[in-house]
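Computed from the coordinates by the stated procedures, all read-outs in this text should not be read as laboratory data. As the structure is a computational prediction, the values presented were derived from the model and not from experiment. All Cβ positions, glycine included, derive from the backbone under ideal geometry; neighbour counts span all protein chains shown.
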Amino acid sequence: MVGVSGASGTPYAKAVIGALLDAGGHVDLVVSRAARLTLLDETGVQWGDGRWKDSAQQWLGDRDLDRLGHWAPGDLAAGPSSGSYPTRGMVVVPASTAAVAGIALGLSKDLLQRAAAVTLKERRPLVVVPRETPLSRATLQQMLALDEAGAVVLPASPAFYAGARDVQQLVDFVAGRVLDALSVEHDLYTRWTGELGTNRG
């Protein structure tokens, strides 16, 4: 499952969703109300529940979306709100500070937060990808609480040793680290080999 919250960083969400689909899995998607505003601002895509597949196609590009499901953020009766709904885990990408706080405190104010709470209580992998800087003391404490609850807190921090030559490769590095945390195979970035300079040129 992928939850997209309202932080800037929709390219990270797009890369993660695309890589999960490429890996052959089914992806359940929830796009928060705030994320819809960010998506519109960053991409021009206007998300609507009634025509979500058209919106997803516009956002994700020429990709088969047969294995992509969608849940409205206000639908607290949705499948992922229950531990009996089968998922392999969840990614919140990007994760706003509000989403971090809501998940850490167990607020379940919308489906994104509720699905994350379910993921934690069922001891499934939860990867939270904060995209905010600088971080306040409260957010740092909430990130620590998420770690202590068993989540992987994976800030959107691209690395440069992989030889990135454009912004998309930096985005893909973060997406690849997310998939690593979920034990999903991918080829999104060149892995460190222990030899300096091998990724240049």
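I need the full set of residues from segment 122-145 which are assigned to a helix (DSSP H, G or I), closer than 25 Å to P11 by Cα and out of contact with any Leu (no Cβ under 8 Å at 6 or more places or on another chain), in order please. If you could, list the steps in order and put the result at the bottom.
Our first condition is that a residue be assigned to a helix (DSSP H, G or I); within segment 122-145, this holds for 137-145.
Pick out the ones that are also closer than 25 Å to P11 by Cα and you get 139-140, 142-143.
Selection gives T139, L140.
Screening V152 on (1) surrounded by fewer than 19 Cβ atoms within 10 Å (Cβ to Cβ); (2) over 18 Å from M1 (Cβ atoms) shows it passes everything except condition (2).
Residues that are closer than 19 Å to V178 by Cβ and part of a helix (DSSP H, G or I) within segment 146-155 comprise L146, D147, listed in sequence order. With respect to the stated conditions, G176 is touching a His at 6+ places or on another chain (Cβ under 8 Å), in contact (Cβ under 8 Å) with a residue 12 or more places away in the chain and within 24 Å of D22 (Cβ to Cβ).
If you check A56 against the conditions, is it over 20 Å from P125 (Cα atoms) and either touching a Gly at 6+ places or on another chain (Cβ under 8 Å) or of a type in the set (D, E, K, R) (or both)?
On the way: over 20 Å from P125 (Cα atoms): yes; either touching a Gly at 6+ places or on another chain (Cβ under 8 Å) or of a type in the set (D, E, K, R) (or both): no.
No, not satisfied.
Taking the criterion of being touching a Leu at 6+ places or on another chain (Cβ under 7 Å) and of a type in the set (D, E, K, R), the residues of segment 61-87 that qualify are R63, R67, D75. Here is the figure for segment 30-60: residues that are surrounded by fewer than 18 Cβ atoms within 10 Å (Cβ to Cβ), touching a Leu at 6+ places or on another chain (Cβ under 7 Å) and either within 17 Å of V2 (Cα to Cα) or hydroxyl-bearing (S, T, Y) (or both) total 2.
Residue by residue, here is whether (1) in contact with a strand residue (DSSP E or B) (Cβ under 8 Å, 6 or more places away or on another chain); (2) farther than 25 Å from G150 by Cα; (3) crowded, with 19+ Cβ neighbours inside 10 Å; (4) free of Cβ contacts under 8 Å to residues at least 40 places away in the same chain holds:
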| position | (1), (2), (3), (4) |
| --- | --- |
| D62 | no, yes, no, yes |
| D66 | no, yes, no, yes |
| H70 | yes, yes, no, no |
| P73 | yes, no, yes, no |
| L76 | no, no, no, yes |
| M90 | yes, no, yes, no |
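Residue under question is A116, and the condition is that it be surrounded by 24 or more Cβ atoms within 10 Å (Cβ to Cβ) and either within 15 Å of L182 (Cα to Cα) or out of contact with any Phe, Trp or Tyr (no Cβ under 6 Å at 6 or more places or on another chain) (or both); does it hold? Here the answer is yes, as A116 does meet what is asked.
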